[in-house]
Amino acid sequence: MQVMTPKLWLDLWNGPTEPNQYLRTAVNKVINLSKWKNENIQELLSKPLNLSCLFHPEALLASHKQDFSRY
């Protein structure tokens, strides 16, 4: 029997294929995102953001690129 991350999970986020590592990484991302959510926006943006905390950083970058192109 193979231990693998379910395809349904990988469809939501293309994380590690080993289930324990997948869950550990997903929980760490959620914890980091909740810290961002609770932080003052000015303080949050005053320092570099670690985009690896996001599940889909490319979506944030695409949105920022689109917003920036309007100016």
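Given N residues in the chain, what is Rg(Cα) / (2.2 N^0.38 Å)?
Compared with the compact-globule rule of thumb, the chain sits at 1.39.
Show me the trypsin sites (Lys or Arg not before Pro) within the stretch 23-71 that DSSP assigns to loop and that have at most 13 other Cβ atoms within 10 Å of their Cβ.
Answer in residue order: Arg70.
Once the Cα atoms of helix 19-38 and of the chain are each reduced to a long axis, what angle between those two axes, in degrees from 0 to 90 to the nearest 10, is obtained?
The angle comes out near 20 degrees.
Obtain the nm distance between the two label points defined at Glu39 and Ala62 by a simple spin-label model: each point lies 7 Å from its Cα along the Cα-to-C-beta direction.
Here the modelled spin labels are 2.5 nm apart.
Rounded to the nearest 500, what is the 222 nm mean residue ellipticity of the chain from helices alone, with -39500 (n - 2.57) per DSSP H run of 4+ residues and division by all residues? Present the calculation step by step, with values, prior to reporting the outcome.
Values: 4 runs with 44 residues, N = 71.
Counting only the DSSP helices, I get -19000 deg cm²/dmol.
None of the figures in this text is laboratory data; all of them are computed from the coordinates on show. Not measured: the values here are computed from a predicted model. A quick note on method: Cβ atoms are made from the backbone with ideal geometry, for glycine too, and the neighbour counts reach across all protein chains shown.
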